[in-house]
Amino acid sequence: MVSNVQTPAVPASAPMFGRTFLWSCLLIAVLLALPLVAPRYWVYFAGILGINIIATHGLNIMTGYTGLLSLGHAAFVGVGAYTVALAQLHLGLPFYIAIPLAGCAAAVIGIGFGLPSLRIRGLYLVIATLAAQFILNFVFVHWQSVTKGDVGLTVQPATVFGFPLNNETRVYYLILFCLVVATWFAVNVIRSRVGRAFIAIRERDLTAEVLGVQIVWYKLVAFALGSFYAGVAGGLLAYFNQFVNPEQFGLLLSVFFLSAVIVGGMGSTLGAVLGAIFMTLLPEFLREGALAVGGTFGFDIASILVPLREAVFGLLMVAFLILEPRGLAQLWKRARTRFSRSDNVA
Amino acid sequence: MNTFSAFLEYSAVGIAAGGIYALIALGIVVIFKSSRTFNFAMGEMMMLSAYFFYTAAVTFSLGIFLGVVVAIVGSIAVALLIERLALRPMMGRPFIAIVMVTFGIGSIIRGIVGMIWGPNDLQIPAILARTPVMLGDIFIPGKTARAFAIAVVIVGGLIAFLRYSRAGIALRAAAADQITAYSMGIDVRRVIAFTWIIAAITGCISGILMANVNTLTPHLGLVALNVLSVVILGGMNSIGGVLVAGFIIGWLESVTGWMLGTEFREITPYILVLLLLLVRPTGLFGTKEIERI
């Protein structure tokens with residue numbers, strides 16, 4: 001059986017590394033300059049976008065590259081956020097320790113949930129991650145003495161050499177730094193031996209095992225890595241909002257990340273970026289559109305926004321899976337080849 | 001009342017609630033057997049059916065009997081639409097892609113229901129009498145007991161039907177080996193559509209019962225995610241297993257809720273699932289599948 005989601009083991013862009021590198025530098029320069037020119041709301045939005053992209057990279061490594069479906073990604077983001085909040089509250093750790101710690105905490109807890117089912121194939125991991133989503137959220141809500149339940153925890157701004165990152169713009173640079181590192185790592189890990197093992201497991205795990213890939217080990221690595229990304233994203237979110245509560249990490253957020261991976265294109269790092277951007281912007285457009293329509297016809301649109309978002313997320317997931325399983329990344333490639341035939345990108 | 005009789009009472013209530021779990025789980029298992037599709041949208045299908053019933057019985061005041069008929073017909077139509085539009089194009093695609101599609105469908109249904117009927121609780125007309133049932137000293141709320149009776153009769157009937165009818169034999173043939181089933185003249189696509197109809201019916205009835213015992217909200221579907229643990233415990237390809245597993249999980253939920261506090265009810269099934277994955281992933285009655293490379 002040939003899977004419809006295929007990724008070349010070595011990305012086709014390898015020979016044109018130079019050009020990709022230049023474009024990346026240009027993009028980073030633009031992003032660095034953004035807060036100088038853009039309004040505050042944009043910067044805030046870019047920060048959220050960055051966090052979402054990091055988390056989506058994580059899910060893409062698990063689901064897109066390795067074929068391990070996780071329905072509990074939001075809960076692991078939550079673990080990261082709570083780790084930062086608690087590490088700061090009780091241990092007074094600075095951000096450069098707290099954020100990696102958040103990643104590690106999420107990875108450890110992720111493995112705790114994933115380990116029993118990673119040994120077995122099939123549906124079990126999906127259900128274990130769903131269990132993680134509900135159990136972790138339960139812990140966030142009900143472990144009152146530590147998490148303060150629904151009230152949540154406040155987080156003090158991170159400080160760099162005594163300089164507090166106390167507004168959107170300052171945290172934005174921290175997020176941008178993490179985003180660049182995370183993306184760089186995601187691109188490169190897939191080119192490595194580890195990445196090839198991930199893809200082999202996704203395509204045909206039994207065959208991979210026969211060929212000598214230690215599938216349980218690599219599944220574990222993929223799962224830990226994906227959860228680590230989620231934890232880092234959660235840690236950044238905690239610094240960004242300066243506030244953590246259980247409501248932020250519900251099932252809807254897990255659906256959000258999953259749809260971002262699918263819409264962007266499973267098994268494509270570019271796809272994870274595009275998907276996260278698309279899915280973050282979409283609710284804004286939906287809200288604007290719905291409010292405009294509601295204003296014209298006099299409906300009470302505000303009350304249906306949340307379900308509308310849920311329905312649209314689901315619809316996009318189903319539509320992309322059926323019609324374009326390689327997602328926006330494929331559409332992007334196709335558009336590029338149409339404009340520059342000489343590039344010879346499939 | 002002493003502790004032991006309280007324990008018995010909670011046990012009885014839990015087992016009674018487990019009847020509905022078995023009914024929902026049956027819908028999942030039947031589809032899984034025929035097409036290796038694990039239907040994560042089952043809870044939402046169930047919730048949607050309850051809303052169909054509400055609309056027919058209350059909004060259009062058709063009465064309870066016609067309401068149930070309309071709800072069943074509506075659910076079957078929705079199930080067939082889902083199967084035809086979303087899952088048939090996915091045939092032969094990787095397993096996790098299919099799971100994601102059903103998960104997406106669940107999300108769509110939740111959203112649509114939220115948009116049409118709103119987030120508030122709705123009261124559906126009482127089908128089940130309230131008068132409690134006494135088993136000796138044990139007191140069981142009337143609705144729960146009657147819902148249990150209905151669920152068990154339907155599950156029992158369906159198990160017998162799948163065992164002895166032609167359609168049931170065709171289903172098992174398709175489950176055992178699709179290609180051979182095709183070559184023996186069984187229309188596997190029709191078998192799959194048929195299993196979706198069964199799932200629609202069990203989902204519809206369990207949805208109406210569930211909405212009767214609790215209330216009707218868009219969260220009804222999420223409650224049914226507990227059923228996943230029933231399916232795992234029973235063994236994913238065991239039709240008979242769901243009944244026993246449903247009872248066990250209903251019982252466990254009720255008893256842990258009593259001993260540790262009601263908030264623990266919601267995660268009991270998930271903790272059980274995790275333990276189960278550690279010990280016996282094939283469930284109580286499932287069989288391990290052997291694959292060729």
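Below are the figures for this structure:
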item	result
Most mobile of B:214, B:120, B:39 in a GNM of chain B (Cα contacts under 10 Å)	B:120
Reachable aspartates and glutamates, given that their alpha-carbon falls under 13 Å from the alpha-carbon of residue A:333 and they are not under 8 places away in the same chain	A:324, A:343
Size of electric dipole in the range A:117-245: Cβ of Lys, Arg +1 and of Asp, Glu -1, about Cα centre, debye, nearest 20	380 debye
Neighbour-count order for B:285, A:161, A:95, fewest beta carbons within 10 angstrom listed first	A:161, B:285, A:95
Three-way shape call for the range A:33-96 based on the alpha-carbon gyration tensor, with the a/c threshold at 1.5	oblate
Projected area averaged over orientations for chain B, convex hull of C-alpha atoms, nm²	16.3 nm²
D (Stokes-Einstein, µm²/s), Kirkwood Cα radius, chain A, 0.890 mPa s at 25 °C	118 µm²/s
FRET efficiency, residue B:182 to residue A:184 (Cβ-Cβ, R0 35 Å, nearest 0.05)	0.10
Descending semi-axes in whole angstrom, ellipsoid equivalent of the protein assembly as shown, from the Cα gyration tensor	41, 29, 25
Anchor residue A:219: aspartates and glutamates whose Cα lies under 14 Å away (excluding residues fewer than 8 positions away in-chain)	A:203, A:205, A:209
Cβ crowding within 10 Å averaged over residues, with A:75-82, B:28-35 ranked highest first	A:75-82, B:28-35
Charge dipole (chain B, unit charges on Cβ, about Cα centre) - positive-most of B:108, B:207, B:80	B:80
Cα gyration tensor shape for the range B:1-105, rounded if a/c is under 1.5, else prolate or oblate	oblate
Highest average packing first - B:8-15, A:45-52, Cβ atoms within 10 Å	A:45-52, B:8-15
Förster radius 35 Å - calculated FRET efficiency between residue A:334 and residue A:284, Cβ distance, rounded to 0.05	0.85
Cα gyration tensor, the range A:182-247 - rounded (a/c under 1.5), prolate or oblate	prolate
Residue-by-residue Karplus 3J(HN,Hα) for the range A:26-35, coefficients 6.51, -1.76, 1.60, Hz, glycine and proline x	4, 4, 5, 4, 4, 5, 5, 7, 3, x
Residue-averaged [θ]222 nm for chain A, counting only DSSP H segments that reach four residues, each worth -39500 (n - 2.57)	-24000 deg cm²/dmol
For the range A:112-207, radius of gyration divided by Kirkwood radius, i.e. Rg to Rh on alpha-carbons	1.11
Cα Rg, Dmax, the range A:89-128, angstrom units	14.5, 42
CD proxy at 222 nm, helix term only [per DSSP H run n ≥ 4: -39500 (n - 2.57); per residue of chain B; nearest 500]	-22500 deg cm²/dmol
Shielding by partners, peptide A:130-141 (average Cβ within 10 angstrom, other chains)	4
Residue mean of other protein chain beta carbons inside 10 Å, B:89-96	6
For A:316-324, mean number of other protein chain Cβ atoms within 10 Å	6
Estimated FRET transfer efficiency (residue A:145, residue B:219; beta-carbon r; R0 45 Å; 0.05)	0.95
Most to least packed among A:19-29, B:157-167 [average Cβ atoms within 10 Å]	B:157-167, A:19-29
Amide H contacts of residue A:160 (H built 1.01 Å from N, under 5 Å, at least 5 apart or other chain)	A:165
Which of A:233, A:207, B:257, positive extreme of dipole for the protein assembly as shown (C-beta unit charges)	A:207
Extension gain (nm, one decimal) between residue A:111 and residue A:32, 0.36 nm per residue minus Cα-Cα	24.9 nm
Cβ-placed point charges (K, R +1; D, E -1), dipole of the protein assembly as shown about Cα centre in debye, nearest 20	1680 debye
The range B:54-169, dipole about Cα centre (Lys/Arg Cβ +1, Asp/Glu Cβ -1), debye to the nearest 20	320 debye
Summed residue charge, Cβ within 11 Å of residue B:35's Cβ, Lys/Arg positive, Asp/Glu negative	+3
Cα-projected label distance for residue B:262 with residue A:211, points at 7 Å along beta-carbon direction, nm	5.5 nm
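Taken together, the values in this text are just the output of simple stated rules run on the coordinates, not laboratory data. Computed from a prediction, not measured in an experiment: that's the story for all the values here. A quick note on method: Cβ atoms are made from the backbone with ideal geometry, for glycine too, and the neighbour counts reach across all protein chains shown.
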